[in-house]
Amino acid sequence: MAILLTGGAGYIGSHTAIELLNKGREIVIIDDFSNSNEKVLENIKKITNKDFKFYQIDYKDREQLEKVFEENKIDSVINFAGFKAVGESVQKPLEYYFNNVSGAIILLDTMRKYDCKKFIFSSSATVYGNPERVPITENSRVGGTTNPYGTTKLMIEKILEDLYKSDNTWDICVLRYFNPVGSHESGLIGEEPKGIPNNLMPYIVRVASGELEQLSVFGNDYETPDGTGVRDYIHVVDLSIGHVKALEKLEKEGQGLYIYNLGTGTGYSVLDMVHTFEKATGQKVNYKIAPRRPGDIAACYADPTKAKEELGWVAEKNLEDMCKDSWNYIQTVQRR
Ligand code: UFG
């Protein structure tokens with residue numbers, strides 16, 4: 001029985017592929033390389049010394065997707081095939097709703113046709129909008145998303161809730177990621193945003209490497225200890241292990257719709273990140289204080305207790321590990 005990873009060549013998909021292969025699981029990856037490339041697949045094989053089947057297809061292409069289900073015994077699906085750039089989603093709302101929401105519907109409908117009903121969905125802390133309080137538990141109010149990307153996550157969560165209500169033979173797990181950073185310790189795979197990055201860690205590493213001149217710290221007048229924005233940064237390897245644990249729960253217990261926050265439970269400010277990065281890597285990060293970025297909130301971090309109690313999962317890597325591994329990866333990219 002195989003696990004299908006849609007978007008499995010992407011940042012979080014590829015790291016999860018490694019954790020599954022290391023556990024001796026059989027996987028099938030589909031990806032259209034819209035935000036990844038073939039090299040990632042070779043590197044997954046190099047790191048794990050294991051092989052897997054791959055199809056270069058768009059997960060919205062129902063005919064091709066059905067072929068994957070015909071040719072493999074797919075028992076469960078982890079859906080990583082979402083567009084994820086907040087700013088781009090504002091410019092291209094139709095592309096985002098079509099790829100993320102319509103894509104999820106096509107995937108779920110195809111799964112139903114093949115009686116494959118174990119589904120893990122990559123959601124995001126963005127569904128909490130501006131949180132009422134921190135740390136955020138899974139029972140916190142959702143809604144108030146400020147961009148199409150966030151709204152697609154919320155819509156898909158709603159679709160999954162209705163699907164489960166209509167047919168409780170589905171086993172569904174929604175994972176709400178906080179801020180994934182870092183990369184595999186080998187330095188062979190990691191995050192490669194196209195163009196100038198929007199997210200903090202990819203920006204910091206490019207300033208440290210000299211590729212970008214200066215980091216703009218967006219606002220130092222928030223109600224946080226040092227005035228800069230606070231987030232829950234989580235190492236991508238910890239996050240990937242969270243998927244393996246979620247899958248094991250569905251396989252053992254099944255028949256339910258579960259929602260988990262995947263975060264460390266600790267919030268760090270932008271300046272904490274800059275200083276920890278400098279300490280962990282010995283590199284200087286040139287920065288200036290700039291105005292707040294529209295749509296940003298002061299603080300967002302998880303209460304990860306539920307994942308600990310029900311999945312037996314806790315994030316183990318610290319901020320220094322995240323900084324070191326992110327730095328390690330950018331250096332291997334720049335050596336290519
Ligand atoms: N920041 C800067 N300068 C930069 C980039 C970011 O100061 O150049 C600050 C932001 O203002 C914020 C923090 O760094 O305080 C983190 O910003 P990111 O862009 O890295 O992350 P966000 O928390 O804004 O967004 C992330 C994911 C989204 C997800 C969201 C909510 O990128 O996909 O968390 O969960 F929707």
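The values are calculated or read from the model by the stated rules, or taken from the named source; none is laboratory data. Quick caveat, the model's predicted, so the values are computed rather than measured. Glycine also receives a Cβ, built like all others from the backbone with ideal geometry; neighbour counts cover every protein chain displayed. What goes into the accessible areas is simple: the full protein's heavy atoms, side chains included, and nothing from ligands, DNA or RNA. Shrake-Rupley method; radii C 1.70, N 1.55, O 1.52, S 1.80 Å.
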field: ³J(HN,Hα), Karplus 6.51/-1.76/1.60, whole Hz, each residue of the stretch 154-164, x for Gly, Pro
entry: 5, 5, 5, 4, 5, 4, 5, 4, 5, 4, 5
field: Compactness of the stretch 212-312 - radius of gyration and Dmax, Cα, Å
entry: 17.4, 51
- prompt: Once both axes come from the Cα atoms, what is the angle between helix 236-252 and the longest principal axis of the chain, in degrees from 0 to 90, rounded to 10?
  reply: 30 degrees
- prompt: Per the 1.4 Å probe, what fraction of the accessible area of the stretch 1-157, in percent, lies on carbon and sulfur atoms?
  reply: 47 percent
- line: Surrounding charge for Ala307, neighbours by C-beta under 11 angstrom, Lys/Arg +1, Asp/Glu -1, total 0
query: Got a sec to turn the phi values of the stretch 21-38 into Karplus ³J(HN,Hα) couplings, 6.51 cos²θ - 1.76 cosθ + 1.60 with θ = phi - 60°, whole Hz, x for Gly and Pro?
result: 5, 4, 8, x, 8, 8, 10, 10, 10, 10, 6, 9, 6, 5, 9, 6, 8, 4
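Per residue, how much accessible area does the stretch 106-201 show when a 1.4 Å probe rolls over the protein heavy atoms, in square angstrom?
Per-residue accessible area for the stretch 106-201 comes out at 43 Å².
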Choice from Gly187, Gly87, Gly13 with maximal GNM fluctuation in the chain (Cα, 10 Å cutoff): Gly87
message: Can you give me the distance in nm between label points at Ala290 and Ser34, each placed 7 Å from the Cα along the Cα-to-Cβ direction?
response: 2.7 nm
Fraction of beta bridges assigned by DSSP in the chain that are antiparallel (%, nearest 5): 5 percent
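So what is the calculated 222 nm ellipticity per residue for the chain, using -39500 (n - 2.57) for each DSSP H run with n of 4 or more, over all residues, to the nearest 500 deg cm²/dmol? If you can, show how the numbers build up before the last one.
Numbers: 12 runs with 135 residues, N = 336.
My calculation for the chain gives -12000 deg cm²/dmol from helical runs alone.
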- prompt: If r is the Cβ-Cβ distance from Asp115 to Lys45 and R0 is 51 Å, what FRET efficiency results, to the nearest 0.05?
  reply: 0.95
message: Give the aspartates and glutamates reachable from Lys67 as a straight Cα distance under 19 Å; neighbours fewer than 8 places away on the same chain don't count.
response: Glu26, Asp31, Asp32, Asp58, Asp75, Asp109, Asp115
Stokes-Einstein D for the chain, Kirkwood Rh over Cα pairs, 25 °C, 0.890 mPa s (µm²/s): 121 µm²/s
- prompt: Quick one: helix 62-71 against the long Cα principal axis of the chain, what's the angle to the nearest 10°, folded into 0 to 90?
  reply: 70 degrees
field: Average Cα contact separation per residue, the chain, under 8 Å, 6 or more apart, as relative contact order %
entry: 19 percent
Local net charge near Lys53, Cβ-Cβ under 15 Å (Lys/Arg +1, Asp/Glu -1): -3
message: Suppose we take every Cα in the stretch 29-138 and form the convex hull; what volume per residue is that in Å³?
response: 148 Å³
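Sorting check: for 238-246, 141-149, which peptide has the highest mean count of neighbouring beta carbons within 10 Å, and how do the rest follow?
Numbers: 238-246: 23.2, 141-149: 17.2.
Put in order of decreasing packing, that is 238-246, 141-149.
Quick one: net charge around Ala81, please, counting Lys, Arg +1 and Asp, Glu -1 for every other residue with C-beta under 12 Å from its C-beta. Present the calculation step by step, with values, prior to reporting the outcome.
Details: positive: Lys60, Lys84; negative: Asp31, Asp32, Asp58, Asp61.
Neighbourhood net charge equals -2.
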statement: Heavy-atom accessible area of Tyr114, protein chains in place, probe 1.4 angstrom, given in Å² to nearest 10, is 60 Å²
